[in-house]
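Here is the structure we will look at.
The values are calculated or read from the model by the stated rules, or taken from the named source; none is laboratory data. Worth saying up front: this structure is predicted, and the values here are computed from it rather than measured. Ideal geometry is used to build each Cβ from the backbone, glycine not excepted, and the neighbour counts take in all protein chains shown. Remember, those area values only see protein heavy atoms, side chains included, never the ligands or the DNA or RNA. Shrake-Rupley method; radii C 1.70, N 1.55, O 1.52, S 1.80 Å.
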Amino acid sequence: MLLTKLHKPGIDSGVIKRNRLFEQLNAGITKKLILISAPAGFGKSTAVADWINENELNTAWFSIDKNDNDMVEFISYLIYAIQNCMIDFGVEILKQLQSPNHPKAESLISLIINDLSKINQDILLVLDDFHLIKNPEITDAIQFLIEYSPQNLHTVMITRSDPALAIAKLRSRQHLVEIRAKDLSFSNHEIAQLFNKHFKLKLDEEDIATLKIKTEGWIAGLQLAAISLQNKSDLSAFIKDFAGNNRYIMDYLLEEVLNNLNSEVSDFLLQTSILKEFNAQVCNDLLETENGQSIIESLESNNLFIIPLDEERIWYRYHHLFADLLKQRLQAKYPNEIHRLHQKACIWYEQNELYDRAIDHAFASHDYPKVLDILSHEVEKLWQKGRCEAILTYGEQLPEEQVFAHPEFCIFYAWVHISDGKLSEAEKLLSNANDAIQKWKEADEKTQILKGKLAVAHTYLYSHYESPEKVLQYQKIAENNLPQNALLWQGWLWFSLGAAQFSMGQLVEAGKYFERAYNYATQIDNIFLISTIEIRMAENEQLQGKYFLAARRCTQLLNLIEQKGLSGLTTSDPYFGALYFIKGSSLFTQGDFEEAYQNIEIAYLLSRKSKDIYQNILPLMVYTFLLKELNRPEANEKIKEADELIKNKDLPPYVLSMYIGWKHYLLAEEGKYEEALHSMDALGISFSSEITYANETLFLVYSRINLYLQKYDEAEKLLLKIAKDATDGHRIERIIEVNIQLAAIYHRTHQEDKAIQYLIKAMEPAVNENLLSFFLYNQLLIADLLTLTFQHLATHQSTIPKQFIDNLKRALEKKRTTITQKTENELSEREIETLKLIAAGMSNQEIADKLFISLNTVKTHLKNINLKLESSNRNQAVEKAKELRLI
């Protein structure tokens, strides 16, 4: 951390007081934002710093540079700045940043807002040089901070150009005070104070008016002019001579200033201009001198655009505009020296462990081997601190062939690519890292550990590819090379192994691996890694039918996050939508559709903030399914939304299978059996296709469609195959679904005893967790069979408790009543009459004759009936009407 970035500029005792400007700033203290936007050299930072001192304001100052486009770096410094007002502020938030995977910027800002609202003091947050921020994620986060800032936070933004914020919106709501170049420009009175009182030059009113016209009150130009005039005999003639735009004036005046300095000081200015910040030590090293401190003190006393960055006056920087001009002059005077200067600066910063600055200078001198040499021992720290954007930025600037020769950097650069979904790029990096390590002759402990980390990166990669065989292959290499105390690496290793077993449907084994990963994660107390593992554990438990346990795990995790003061994460970060998704789907399986809907809706709304297709599509699919079950009209819009979402996306096999199955399930439920079957045939899905855990859901839908089309033998064989695999993998969901479909087949082929037997087999694993939803959404398929089974259970001994049967009957009745009330309100008396005649087997013409209406009217009634019942033909309309007891 560079403490100098958190220090407001020092103010010279002779600074011109800007009372007119202070009044504007005072008016802004009650607003959400004070925007100070003007080109370089208008005294923006100085004016704000002097105003703060004048009013003794409690200030969090953050001087931004281009490295702060790394989101983690920006949020960290934002918190450090606020800690200058309250020392223990945001400690838990900073912990969440110390991870290769971390919450989104907006979620972190939500936590900052929550913590600020608990502080019983006003804080002025100053974001200086905000124009250097180019990362839209950060700009959006600051927009969010300003829009939802608590009453005790007031933000000042200092910038050379207007940021991409909703300025017009803030202006219209009177939440904004704007200070522009015209407000910052020196008046004639202020020019007179600068030249006559501060520099003691005794200019007359005409000279002051001329300066005002020529500079338009531009402070940097005025200050350089004042310095230049100190050695002139004819002040008025000099003032009349210079003219032009601001850049020309600065060039002209800078030449005047440099000509009046001795060569040692002039060269000091030019050569140290390459440094963003400097102290006497780095200047001495750069110029091979011993009097850096005395030159710095002389520059400060002569007002030569040098700004102290700390109270002790150890670190300084040049005014940005002055530095730019000096660098241009350096390029013109000493072009061959620039490379050497950057190299020397790089060495000094590296020796003093200021690695970001060292890397900047190595890049400036195009010394890529030096960049990679520093990164080889620093990149893991960047990764652990969550500075993945910095790793990505460095990697993009480096020549590919040199990156490939440095396996340490390759590993972490690849990890960032994996997290971004760029799997092929990551695989290439890891392959080259492996080749580079193989060429190393030494096999010391460091190399051994590096091999272990490379193997973990491979397991992480192949868990995303859903390639369990390769995950298991690299697991052995990782175990043989990684020490047990590498807690973070061990956590990711066992998580990836759990994900591999999960993708194979080996849920019991997956649970063991996730549990081991969880133990490592809790030792390092990283809530994001803990959440990642716990969410997968809950998903794993759901598939084993342990819905109460899964929901409880999510609730406990939500409580833990709240205890750590991070509850804002769970309502703003899309990653935590999974907690609501799991809770909602657990409630859904227990037949509580309304409560399930509330949780799934939260999951869906959070998922819309994510770029992760996995986080997007699953909540949307279940949300749409629930809307259908609840007869909500917006369901069809969500289907279209899902179609748009997956366009041109590479979906993982498991997700792709679920999506295709979901689409065809919806088609089948609309009675479009032939269309659904034809579509699946076109995708190459058949009874001879290979069934895997990843595509199991798809084949359950395929068997369902064939069941509707009365292809019972083929559907039965397919279901029995899935049943064996599901039983071996302890996948309760699949077992219940398979047995329900088998029961429906046997019922439709008049094997009533067998049908009842299989429906009871479906109920048995559902009892402990009260899993009712499987029977509710299959109600149309097994309505008559349920009645027969209830009658059978009433007269025969069974393992199914009466409580479960009563719960199921109540849930079925509740669903029927809800839908019936809605449908009865929608269906007209004549439409119900028409339905009854259809059920009696009459043709459309016979119905027309019976009701004394035209054939076209009958067809219109039928069309309306299908729309209201969400059926697609006469037979399905009758079936649904009977289920709802409308006829």
**OP:** Based on alpha-carbon positions alone, could you give the equivalent ellipsoid semi-axes of region 259-346 from the gyration tensor, as √(5λ), descending, whole Å?
**Re:** 19, 15, 13
**OP:** Using only the alpha carbon atoms of region 277-321, find the Kirkwood hydrodynamic radius as the inverse mean reciprocal pair distance, in angstroms to one decimal.
**Re:** 10.6 Å
Subject >> More than 18 Å apart - percent of Cα-Cα pairs taken over region 455-544 >> reply: 37 percent
Original post:
Given just the C-alpha atoms of region 281-434, how large is their convex hull per residue in cubic angstrom?
Top reply: 140 Å³
**OP:** Would you mind checking which residues have amide H under 5 Å from residue 59's amide H? H placed 1.01 Å from N; only 5 or more apart, or other chain.
**Re:** 124
Original post:
How big is the shadow of the Cα convex hull of the chain, averaged over all directions, in nm²?
Top reply: 46.8 nm²
Original post:
Each label point is 7 Å from the Cα along the Cα-to-Cβ direction; what then is the distance between the points at residue 312 and residue 152, in nm?
Top reply: 3.1 nm
**OP:** Please express the Cα-Cα pair-distance distribution P(r) of region 81-228 as a list of whole percents, one per 5 Å bin, running from 0 to the bin with the greatest distance.
**Re:** 2, 8, 14, 15, 13, 11, 9, 9, 9, 6, 3, 1, 0
**OP:** Would you mind computing the Rg to Rh ratio of region 576-734 from its alpha-carbon coordinates, Kirkwood style for Rh?
**Re:** 0.96
Original post:
So how long is each side of region 411-490 along the principal axes, counting just the alpha-carbon atoms, biggest first, in Å?
Top reply: 33, 25, 21
Original post:
So what are the ³J(HN,Hα) numbers for region 803-815, from phi and the Karplus equation (6.51, -1.76, 1.60; θ = phi - 60°), rounded to whole Hz, Gly and Pro as x?
Top reply: 4, 5, 4, 5, 4, 5, 4, 5, 5, 5, 5, 4, 5
Original post:
What share of Cα pairs, in percent, lie more than 11 angstrom apart in region 517-568?
Top reply: 67 percent
**OP:** Determine the dipole magnitude for region 78-163: charges of +1 sit on the beta-carbon of Lys and Arg, -1 on that of Asp and Glu, nothing else is charged, the reference point is the Cα centre, and the result goes in debye to the nearest 20.
**Re:** 140 debye
Subject >> region 622-660: trypsin sites (Lys or Arg not before Pro) in DSSP coil with no more than 16 other Cβ atoms inside 10 Å >> reply: 647, 649
Original post:
Label residue 182 and residue 66 with points 7 Å out from Cα along Cα→Cβ: what is the distance between them in nm?
Top reply: 3.3 nm
Subject >> Length gained when the stretch residue 294-residue 232 is fully extended (0.36 nm per residue, less Cα-Cα span) >> reply: 19.7 nm
Original post:
How large is log10 I(q)/I(0) at q = 0.17, 0.26 Å⁻¹ when the Debye formula is applied to the Cα atoms of region 333-378, each weighted equally and without solvent?
Top reply: -0.41, -0.84
**OP:** Name the residue farthest towards the positive end of the dipole of the chain from the options 577, 673, 372, assuming +1 on Cβ of Lys and Arg, -1 on Cβ of Asp and Glu, about the Cα centre.
**Re:** 673
**OP:** Under 26 Å Cα to Cα from residue 212, which lysines show up? Leave out anything in the same chain fewer than 8 places away.
**Re:** 17, 44, 182, 197, 200, 202, 232, 240
Subject >> Electrostatic dipole magnitude of the chain [Cβ: Lys, Arg +1; Asp, Glu -1; Cα centre; debye, to 20] >> reply: 2240 debye
Original post:
Percent antiparallel among DSSP beta bridges with both residues in the chain, to the nearest 5?
Top reply: 15 percent
Subject >> Helix 44-55 vs. the chain, principal-axis angle (Cα, 0 to 90°, nearest 10) >> reply: 90 degrees
Original post:
If you take the charge dipole of the chain about its Cα centre, with +1 on Lys and Arg Cβ and -1 on Asp and Glu Cβ, which of 124, 354, 596 is farthest toward its positive end?
Top reply: 596
Subject >> GluC sites (Glu not before Pro) within region 1-93, DSSP loop, no more than 12 other Cβ atoms inside 10 Å >> reply: 56
Subject >> Percent carbon-and-sulfur accessible area, the chain, ignoring ligands, DNA and RNA, probe 1.4 Å >> reply: 49 percent
**OP:** Using θ = phi - 60° and the Karplus relation 6.51 cos²θ - 1.76 cosθ + 1.60, list the HN-Hα couplings for region 9-22 in order, rounded to whole Hz, with x at every Gly or Pro.
**Re:** x, x, 10, 5, 4, x, 4, 6, 6, 9, 4, 4, 6, 4
Original post:
Applying the Karplus parametrisation 6.51 cos²θ - 1.76 cosθ + 1.60 with θ = phi - 60° to the phi angles of region 615-628, what ³J(HN,Hα) value in whole Hz is obtained for each residue in order, glycine and proline being reported as x?
Top reply: 5, 6, 7, 5, x, 5, 5, 5, 4, 5, 4, 5, 4, 5
Subject >> Per DSSP, loop trypsin sites (Lys or Arg not before Pro) in region 63-135 with at most 14 further Cβ within 10 Å >> reply: 118, 134
**OP:** Please grab the % of Cα pairs in region 425-584 that end up more than 29 Å from each other.
**Re:** 24 percent
Original post:
In terms of modelled amide H atoms, which long-range or inter-chain residues lie less than 5 Å from the amide H of residue 590?
Top reply: 772, 773
Original post:
For all pairs of alpha-carbon atoms in region 713-817, what percent lies in each bin of width 10 Å, listed from the first bin to the last filled one?
Top reply: 15, 50, 31, 4
**OP:** Determine the gain in length on full extension of the stretch residue 508-residue 352; use 0.36 nm per residue of separation and subtract their C-alpha separation, reporting nm with one decimal.
**Re:** 51.0 nm
Subject >> Semi-axes of the equivalent ellipsoid for region 386-443, Cα gyration tensor, largest first, Å >> reply: 20, 12, 10
Original post:
Considering region 696-765, what Rg and Dmax in Å follow from its alpha-carbon atoms?
Top reply: 11.1, 31
Subject >> Kirkwood Rh and Cα Rg combined as Rg/Rh, region 649-733 >> reply: 0.95
Subject >> Nitroxide proxy distance, nm - points 7 Å out along Cα→Cβ at residue 13 and residue 787 >> reply: 10.0 nm
Original post:
What ranking, highest mean first, results for peptides 174-185, 769-780 when packing means the other Cβ atoms within 10 Å averaged over each residue?
Top reply: 769-780, 174-185
**OP:** For an R0 of 35 angstrom, estimate the FRET efficiency from the Cβ-Cβ distance between residue 131 and residue 333 and round to the nearest 0.05.
**Re:** 0.75
**OP:** Report the convex hull volume per residue for region 12-63, counting only C-alpha atoms, in Å³.
**Re:** 104 Å³
**OP:** Between residue 548 and residue 687, take the C-beta separation as r, use R0 = 60 Å, and let me know the FRET efficiency to the nearest 0.05.
**Re:** 0.95
**OP:** Could you pull the Cα extents of region 552-627 along its three principal axes, largest to smallest, in whole Å?
**Re:** 35, 29, 15
Original post:
Which three semi-axes in whole Å describe the equivalent ellipsoid of region 1-125, each the square root of 5 times a Cα gyration tensor eigenvalue, listed largest first?
Top reply: 28, 17, 13
Subject >> Segment residue 431-residue 882, extension gain: residue separation times 0.36 nm, minus the distance between their alpha carbons >> reply: 156.1 nm
